Structures are given as structure tokens and as C-alpha cells.
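J.: Pasting in a structure now, in C-alpha cells, and then I'll have a few things to ask.
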Amino acid sequence: MTTNKLKALELFAGIGGFRLGMANANIQTVWANDINELCCKVYESNFGKDSIVLGDIAAQLRALGIEPEV
């Protein structure tokens with residue numbers, strides 16, 4: 001029997017508390033985003049370079065061709 005490992009996206013990730021909880025539950029974070037530069041620096045210091053995307057989530061969605069309803 002094959003089981004799929006659960007994966008999560010972190011929106012408004014802050015410094016990564018949600019990621020720690022998900023890791024404890026054996027859920028892999030595959031993408032994280034926050035608009036706050038200091039939070040992103042702390043997040044990267046905790047989880048590695050390029051572990052989080054800095055910027056407005058609406059702009060990230062637009063870059064993917066998705067127009068957010070605001």
C-alpha cells in the first residue's frame with residue numbers, strides 16, 4: 001500500500017511557527033510567503049536560504065496569472 005505524504009503551503013508565515021507544528025505532524029512545507037522583511041530573514045535563518053518568498057501574496061498570485069479578489 002502506498003501512502004502520500006501531506007504537504008502544506010504557508011501564507012502569512014511569520015517566523016515559521018506553523019512550519020514547526022506541521023513538521024511535528026510529519027507534514028512537509030513546500031512553499032512559504034510573508035510580506036514582512038524581518039520575519040522573512042528570521043524564517044530563512046531558521047529554515048535555510050530561499051525557504052520563504054518575501055512579498056505581497058496578491059502580487060505572487062498575479063505572477064502566476066491568478067487575479068485575487070480583494
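J.: Can you give me the % of accessible surface on the chain that is carbon or sulfur? Probe 1.4 Å, all protein chains present, nothing else counted. Mind showing how you got there, number by number?
T.: Details: 2950 of 5220 Å².
After summing per-atom areas, the C and S share lands at 57 percent.
J.: If the reach is capped at under 24 angstrom between alpha carbons, list the lysines near Lys41, excluding any in the same chain fewer than eight residues apart.
T.: Result set, ordered by chain and number: Lys7, Lys49.
J.: Quick one: grab the alpha carbon gyration tensor of region 30-70, order the square roots of its eigenvalues as a ≥ b ≥ c, and give me rounded if a/c is under 1.5, else prolate or oblate depending on whether a/b is larger than b/c.
T.: Working: a/c = 3.64, a/b = 2.13, b/c = 1.71.
Cα axes put region 30-70 in the prolate bin.
J.: Hey, another quick one. What full-extension length gain, to one decimal in nm, is calculated for Ala59 and Glu37 as 0.36 nm per residue of separation minus the Cα-Cα distance?
T.: Numbers: separation 22, 0.36 × 22 = 7.92 nm, distance 1.54 nm.
The span from Ala59 to Glu37 would gain 6.4 nm if fully extended.
J.: Before rounding to the nearest 500, sum -39500 (n - 2.57) across all DSSP H runs of length at least 4 in the chain and divide by the residue total; then give [θ] at 222 nm in deg cm²/dmol. Mind showing how you got there, number by number?
T.: Details: 3 runs with 26 residues, N = 70.
Computed mean residue ellipticity for the chain: -10500 deg cm²/dmol.
J.: Which value in nm describes the separation of the simple spin-label points at Asn4 and Ile27, placed 7 Å from the Cα toward the beta carbon?
T.: Roughly 1.5 nm, to one decimal.
J.: Using the charge dipole of the chain (Lys, Arg: +1 at Cβ; Asp, Glu: -1 at Cβ; taken about the Cα centre), state which of Gly21, Ile52, Asn4 has its Cα farthest towards the positive end.
T.: Looking along the dipole axis, the top candidate is Asn4.
J.: On a 0 to 90 degree scale, rounded to 10, what angle separates helix 37-47 from the longest Cα axis of the chain?
T.: The helix 37-47 is inclined about 20 degrees to the chain.
J.: Still on this structure, please answer the following. Counting pairs of alpha carbon atoms under 8 Å apart in space and at least six apart in sequence, what relative contact order in percent does the chain give? Walk me through the numbers before you get to the answer.
T.: Values: 90 pairs, mean separation 18.9, N = 70.
So the answer I get is 27 percent.
J.: Considering the values [x] 1.01; [y] 1.03; [z] 1.08, which represents Rg/Rh (Cα atoms, Kirkwood Rh) as calculated for the structure under consideration?
T.: It is the one labelled [y].
The values are calculated or read from the model by the stated rules, or taken from the named source; none is laboratory data. From a predicted model like this one, the values you see are computed outputs, not experimental measurements. Every residue, glycine among them, receives a Cβ derived from its backbone with ideal geometry; neighbour counts consider all protein chains shown. Note: accessible area is taken over every heavy atom of the protein model, side chains too, but ligands, DNA and RNA are not part of it. Shrake-Rupley method; radii C 1.70, N 1.55, O 1.52, S 1.80 Å.
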